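Data block below; observations after.
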Amino acid sequence: MTVDGVPIDEAAADRPLTERIAMFVKGADAVQHAHSRMVVHADLKPSNILVGHDGRLKLLDFGIAQLIDGSSSGSATGGAVTREFASPQRLDGSGPSVADDVFALGRTLDMILEGAEDRELAAIAAKARAADETRRYGSAAELIADVERWRARLPVSALPATLRYHAGKFVERHRLGVGATGVALVLLSGTSLIATSSYFRAEGSRTRAEARFGEVRDLSRFMLFDLYDTLAKRPGTVADRAAIAATSARYLDRLNVSGETGIDLRLETARSYRRLAAIEGLPGISNLGRPGRAVSALDRADAILRPLATEQPHNVIALAE
């Protein structure tokens, strides 16, 4: 049977970088969909990811695909593979796995990026095709989430989280705001630094507390609940949902809740961690299939709630949480 379309690397050739990456995300999303159904492809390569004239993408040739539990839906475990896109572990005789598909996606991304000079995307591709599978992305969803961070001009996890890098990305996203801030600072330089310093010292603690509470409240009410539930009803939104989970986890970790934090904020943070656990891999909602991360989020919620229940033994809300 003839299937309409051309290999994704050919379809991406000579197109703007943003269009190439949009194609790649569609392909990776299809792979993640297969993984969510407990199937690994086992022989991913550009010629198996076709882009039709209508822009639709087709993932082909599951002839040697396997169920993630190890049972075959095609050829034997060793099966024929395309060496250029096979991971070192696969070439050494190991059976197909999610990590092998991630490796092949990294090699495919390399081909799609040919001729483009983008440090962040090159780092993402390199992490996906790392020889040591423990250094690769843990799933196609994690790879997609990092590409989505690039598209949103956010720092990518494939590069070291240095202050200079994060500051540069902030400026890139907020050029107008940073420019306006620079002008304002110049205008304010003639004012009394002592008065300004005193004001900020007096207001610092209150402002930080309000900012923290605002972050976790908005996070739990919008990103983790409203936005995620809306996206979960639509097909092809794995990348967006994975990006929400990754961004939410970073914000929650930044809150650094301790015994000195207010009770309301601690409860809100614990609730958000529980919701994050459900999104990552608990039954009951459309999740990302990452039970290990779900356990980690539950552990963080538990670490907040147990001391709170001890401090407030008659607080029925804390006990219920």
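The values are calculated or read from the model by the stated rules, or taken from the named source; none is laboratory data. In this text, all values refer to a predicted model and were calculated from it rather than measured experimentally. Here the Cβ is made from the backbone with ideal geometry for all residues, glycine too, and neighbour counts use every protein chain on show. For accessibility, only protein heavy atoms count, side chains too; no ligands or nucleic acids. Shrake-Rupley method; radii C 1.70, N 1.55, O 1.52, S 1.80 Å.
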| said: at pLDDT 90 or above, in contact with a Gly (Cβ under 9 Å, 6 or more places away or on another chain) and either surrounded by 21 or more Cβ atoms within 10 Å (Cβ to Cβ) or farther than 22 Å from Val98 by Cβ (or both): is that true of Ile8 in this structure? | reply: yes
| said: Give me the residue from the stretch 150-168 that is in contact with a Lys or Arg (Cβ under 6 Å, 6 or more places away or on another chain) and not aliphatic (A, V, I, L, M) and, out of that set, farthest from Arg20 (Cα to Cα). | reply: Pro155
| message | Restricting to the stretch 298-316, count the residues that are within 14 Å of Arg275 (Cβ to Cβ), open to solvent by 70 Å² or more (accessible area, probe 1.4 Å) and at pLDDT below 90. | response | 0
| query | Does Pro291 fit the bill of being surrounded by fewer than 16 Cβ atoms within 10 Å (Cβ to Cβ), at pLDDT 85 or above and closer than 27 Å to Val40 by Cα? | reply | yes
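Any residue in the stretch 76-84 that is modelled with pLDDT of 90 or more, open to solvent by less than 20 Å² (accessible area, probe 1.4 Å) and on the phi < 0 side of the Ramachandran plot?
Looking through the stretch 76-84, none of the residues is modelled with pLDDT of 90 or more, open to solvent by less than 20 Å² (accessible area, probe 1.4 Å) and on the phi < 0 side of the Ramachandran plot.
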| query | Can you spot a residue in the stretch 109-124 that is touching a Leu at 6+ places or on another chain (Cβ under 6 Å), at negative phi, surrounded by fewer than 20 Cβ atoms within 10 Å (Cβ to Cβ) and part of a helix (DSSP H, G or I)? | reply | yes
| message | Can you confirm whether Lys26 is under 21 Å from Glu148 (Cα atoms) and either of a type in the set (Lys, Arg) or touching a Phe, Trp or Tyr at 6+ places or on another chain (Cβ under 6 Å) (or both)? | response | yes
| field | Criterion (of a type outside the set (Ser, Thr, Tyr), modelled with pLDDT of 70 or more and either part of a helix (DSSP H, G or I) or open to solvent by less than 20 Å² (accessible area, probe 1.4 Å) (or both)) met by exactly one of Arg206, Arg250, Arg212, Arg217 | value | Arg250
